[in-house]
């Protein structure tokens, strides 16, 4: 299962799904795409309450005032979940809510190239 969360509005989530579908047939669930634009703190606050309701999944969240820049991504294993988000403070609050304790959280930084979207 892959959950998708963003501040993109429409039609960009459909493009995300198209790219993901090229690589997997995993179930995709839209959590929200109308979060406060460019506000990762608000998104992190919201997701730390919502994501623990899901079974183990990959949670992809993109809310970033620097979208399109060379900001690194953060991949966080939190128990049986994985959170993927820009390295801007968005990933860790929900990851900590998903993990049994701090020792059950591991994070990796991934360098990414900038994009126009």
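A few points about this structure:
- Inter-residue pairs, beta-carbon under 7 Å, first under 15 Å from residue 59 (Cβ atoms) and in the range 14-28, second at pLDDT 95 or above and in a helix (DSSP H, G or I), 6+ apart: 28/17; 28/20
- Those residues of the range 1-53 which are within 21 Å of residue 100 (Cα to Cα), touching a strand residue (DSSP E or B) at 6+ places or on another chain (Cβ under 6 Å) and not in a helix (DSSP H, G or I), in sequence order: 2, 3
- Within the range 52-88, the set of residues being under 18 Å from residue 29 (Cβ atoms) and within 10 Å of the chain's Cα centre (by Cα) comprises 58, 59, 60, 61, 62, 63, 82, 83, 84, 85.
- Residues that are more than 21 Å from residue 15 (Cβ to Cβ) and part of a loop (DSSP other than H, G, I, E, B) were ranked within the range 89-117; the one that is nearest to the chain's Cα centre (by Cα) is 91.
- Within the option set 99, 78, 91, 107, being within 20 Å of residue 35 (Cα to Cα) and surrounded by 13 or more Cβ atoms within 10 Å (Cβ to Cβ) holds for one residue only, 91.
The values are calculated or read from the model by the stated rules, or taken from the named source; none is laboratory data. As the structure is a computational prediction, the values presented were derived from the model and not from experiment. Reconstructed Cβ throughout: ideal geometry from the backbone, glycine too, with neighbour counts over all protein chains shown.
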